[in-house]
Amino acid sequence: MFKYYSIMNCLKTRSGLLLAFLLFPFAILAQKPTIKYGNVRMEELMMPVYTPDSTANAVVLADVGYTYVNSTINSFNLVHERHCRIKIFNKAALDEATVAIMYDDETITQIKGSTYLLENGKMVEFKLDSKAIFDEKVNARYRKKKFTLPNVKEGAVIEFSYTIRSDSFTFFKEWEFQSKYPVLWSEYTARVPQQYDYRIESQGYNSFFVSEKKEETGGTLYHWVMKDVPAFEDDQYITTADDYISKVKFQLKGVQYPGSFYKPVLSDWEKVTKVIYEDDGFTSSIYQTGFLKDKIKQITAKHTDPVSKSFALTLFLKNAVKWNGLNRMFPAQSPKILLEKKTGSSADINLLLVGMLRDAGLPANPVILSTRKNGRVNEYYPMIDNFNYVIASVRIDSTDLLLDATDPYRPAYLLPERCLNSKGRLIEENRVGRWINLENYLVFASKAANISLSINNGKVSGTATVYEKDYSAANTRAQLAEANSKDDYVKGKYKVAGLTITDYSLENLENIDTTMVTQLSFEYDAEDTPGILYINPILFNSFNGNAFKAKHRTYPVSYPTLTDLKTTVTVAVPPGYAIEELPKPAKYNLSEDGAKFTYLIGQVGDKIQLRSIISFNKTMFLADEYEGLKAFYAAVSAKLTEQIVLKKINN
């Protein structure tokens with residue numbers, strides 16, 4: 001397993017006395033706290049609502065962090081202190097009483113917590129019992145300290161503080177100034193000794209109230225404050241809140257001691273690439289495939305071209321091993337154990353795939369990436385902790401064929417949506433790396449429905465044939481596999497108020513390389529008044545017209561894939577009826593065809609024919625396009641609900 005760079009060995013090669021002298025000022029320099037623990041004001045307890053955002057379930061009154069280096073004669077520690085105070089308005093925010101602190105090779109001490117309530121006009125404090133603090137194992141690397149503050153109710157003020165100590169200086173603790181609740185005051189101070197050169201990255205759409213950098217004796221003081229920060233509203237149309245939330249983060253670039261040359265650590269991507277590839281944990285699965293040589297020959301003997309060989313080996317692993325749901329960049333078990341247990345992480349599976357592809361004579365390499373929920377990778381800031389996943393790549397002519405063997409429900413050429421996050425870093429055998437695009441703009445989530453409707457005595461009978469390709473088909477196959485039964489899934493997915501599915505069939509469910517076809521037969525009662533029938537022709541509409549409710553948006557809208565939704569409807573006008581009213585044709589276009597909607601309708605003989613096409617031809621819409629996108633969704637949604645009106649003819 002890869003271990004973060006630690007400079008403790010370097011420190012021990014120097015004079016302990018000299019370094020203690022150099023770092024000592026940073027241990028004793030005091031910082032006047034913005035808030036004092038226990039000094040809760042009555043107005044905080046009596047606050048009924050946060051006026052700037054009356055819908056907020058809670059508000060962060062203050063969140064203060066301080067990171068510095070502490071030294072003694074025998075040790076050097078990176079120390080991070082945090083003190084947070086929150087006002088709870090209602091039951092929806094009671095989960096803020098439970099605090100979980102993730103850590104790895106660190107020590108967490110000085111945990112304090114209190115709940116403050118107003119009882120009979122007086123403030124009452126309930127302190128956290130040390131016996132209520134628990135330590136839990138998360139996985140092979142991480143643990144967490146967890147505690148729940150006592151007696152938390154609506155109207156309470158809670159606060160907690162803790163200290164984290166680490167002997168690894170690679171990463172100063174990052175600091176988030178924004179949360180899912182409004183933040184009145186967020187403050188972070190970092191004291192960096194002059195020996196350490198850190199890369200500092202800030203992000204977000206909120207301005208600093210204070211942003212200071214001050215050179216001091218022995219180092220640099222950084223001080224940031226944000227005030228009145230709005231709540232971050234997370235939704236499904238972003239990669240992850242971590243990409244856009246206001247924060248600062250650090251990574252060690254280099255070290256320079258008095259009288260010594262500057263020693264770079266992870267100053268550029270080539271160094272990062274080399275450190276990752278030369279880690280035994282990363283390459284072990286690639287080079288431990290000897291026991292599979294006969295199997296690899298057997299699989300590839302049936303194929304002549306490199307693409308089909310690559311697909312065949314990927315399919316073999318998909319069927320042989322089940323992904324355990326863990327996104328990993330480093331494997332946790334050997335290939336032999338993986339195949340014996342038949343389950344493993346993305347790294348266990350895909351690094352073995354790289355090794356098998358190489359043994360088949362194919363120019364294969366690993367590609368490290370960050371999944372959408374892990375956040376984007378900033379190409380200008382070399383940071384190892386940006387990555388959490390690895391896939392395989394095969395170079396064919398001038399194209400990189402990207403492969404992932406974790407999902408049995410999608411074709412080999414189709415990466416899971418979680419991997420579609422801008423760019424990944426390909427690492428060649430000579431330790432040289434390069435960026436490659438992960439998103440394929442030739443592949444859509446494609447869905448087409450052909451619907452036929454006939455009306456007899458006020459009852460509508462119909463058939464529908466739904467064709468799904470690529471991401472749409474893959475997701476449907478995966479959802480079917482998770483469903484209790486096919487019957488439950490189909491009747492749930494195609495549920496429409498008042499409609500009964502009388503029969504259905506599923507074609508190409510197992511053949512993942514082909515278009516999936518769903519056949520439906522259904523019936524429902526038409527909405528009518530004496531002599532008038534109202535028909536809604538767009539059934540099984542999966543378009544979410546209420547996707548965007550916020551008035552404003554300061555960050556982009558991001559979709560994992562391009563989308564193409566087509567619906568064709570034929571309505572037979574029943575004898576004795578004539579068309580009273582049809583929806584009008586419409587065409588909407590957003591951001592130079594970034595999103596398009598076409599709605600065509602007309603009468604041909606005794607039939608009404610309708611065609612609707614919704615296309616999203618790019619995966620990201622910037623914040624200044626939000627108003628247009630929101631209006632596009634509303635207009636399309638309204639159009640899809642418009643009805644056909646038929647009137648009985650008086651003979």
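Of the chymotrypsin sites (Phe, Trp or Tyr not before Pro) found in the stretch 179-270, those that fall in a DSSP loop while having at most 13 other beta-carbon atoms within 10 Å are Phe261, Tyr262. The Cα center of the stretch 337-405 and the Cα center of the stretch 229-270 differ in position by 23 Å. Here are several values of Kirkwood radius over Cα pairs in Å: [x] 26.8; [y] 30.0; [z] 29.0. Which one was derived from the coordinates shown? Answer label, from the structure shown: [z].
Report D for the stretch 54-129 in µm² per second (integer): Stokes-Einstein, Kirkwood Rh on Cα pairs, 10 °C, 1.306 mPa s.
Translational diffusion coefficient: 103 µm²/s.
What pairs from Lys469/Lys584; Lys144/Lys486; Lys112/Lys227 go past 32 Å between their alpha carbons? Those over the limit are Lys144/Lys486.
Rounded if a/c is under 1.5, else prolate if a/b is larger than b/c, else oblate: which is the stretch 606-651, with a ≥ b ≥ c the root eigenvalues of its Cα gyration tensor? The shape class here is oblate.
What are the aspartates and glutamates whose alpha-carbon lies under 14 Å from the alpha-carbon of Lys549, with same-chain residues fewer than 8 places away excluded? Counting by Cα, and skipping residues close in sequence, Lys549 has these aspartates and glutamates nearby: Glu233, Asp234, Asp235, Glu627. Mean residue ellipticity, 222 nm, helices only, the chain: the sum of -39500 (n - 2.57) across DSSP H runs of n ≥ 4, divided by residue count and rounded to 500, is -5000 deg cm²/dmol. Mean separation of Cα pairs under 8 Å and 6 or more residues apart, divided by the residue count, gives the chain a relative contact order of 9 percent. For the stretch 444-648, the square roots a ≥ b ≥ c of the C-alpha gyration tensor eigenvalues yield an a/c of 1.5 or more together with a/b not exceeding b/c, which makes the shape oblate.
Over the stretch 444-648, Cα pairs under 8 Å with separation of 6+ residues give a relative contact order of 25 percent. For the stretch 324-428, the set of chymotrypsin sites (Phe, Trp or Tyr not before Pro) satisfying both a DSSP loop assignment and a count of at most 12 other C-beta atoms within 10 Å is given as Tyr380. Accessible surface of the chain, 1.4 Å probe: 50 percent of it comes from carbon and sulfur atoms.
If a/c stays under 1.5 just call it rounded; otherwise compare a/b with b/c (prolate if a/b is bigger, oblate if not). Do that for the stretch 187-285, with a ≥ b ≥ c from the square roots of the Cα gyration tensor eigenvalues. In terms of gyration-tensor shape, oblate. For the stretch 217-287, GluC sites (Glu not before Pro) are listed when DSSP marks them as loop and at most 13 other Cβ atoms sit within 10 Å of their Cβ; the list is Glu233, Glu278. For the stretch 42-255, the relative contact order comes to 23 percent (Cα pairs under 8 Å, sequence separation of at least 6). Taking the square roots of five times each eigenvalue of the Cα gyration tensor of the stretch 42-255, the equivalent ellipsoid has semi-axes of 30, 22, 17 Å, listed largest first.
In the stretch 269-437, the convex hull through the Cα atoms has an average projected area of 8.9 nm², a quarter of its surface area.
The Cα center of the stretch 563-613 and the Cα center of the stretch 458-525 differ in position by 22 Å.
Bridging of Lys214 to lysines at a Cα separation below 20 Å is possible for Lys32, Lys173, Lys247, Lys249, Lys253, once same-chain residues fewer than 8 apart are set aside.
Ratio of Rg to Rh for the stretch 409-546: 1.14 [Cα atoms; Kirkwood radius as inverse mean 1/r over pairs].
Kindly work out what percent of the DSSP beta bridges joining two residues of the chain are antiparallel, to the nearest 5.
For the chain, the DSSP antiparallel bridge percentage is about 90.
Between Ser637 and Ile579, the C-beta separation translates, for a Förster distance of 25 Å, into a calculated FRET efficiency of about 0.55.
The values are calculated or read from the model by the stated rules, or taken from the named source; none is laboratory data. Since the structure is predicted, the reported quantities are computational estimates derived from the model, not experimental observations. All Cβ positions, glycine included, derive from the backbone under ideal geometry; neighbour counts span all protein chains shown. What goes into the accessible areas is simple: the full protein's heavy atoms, side chains included, and nothing from ligands, DNA or RNA. Shrake-Rupley method; radii C 1.70, N 1.55, O 1.52, S 1.80 Å.
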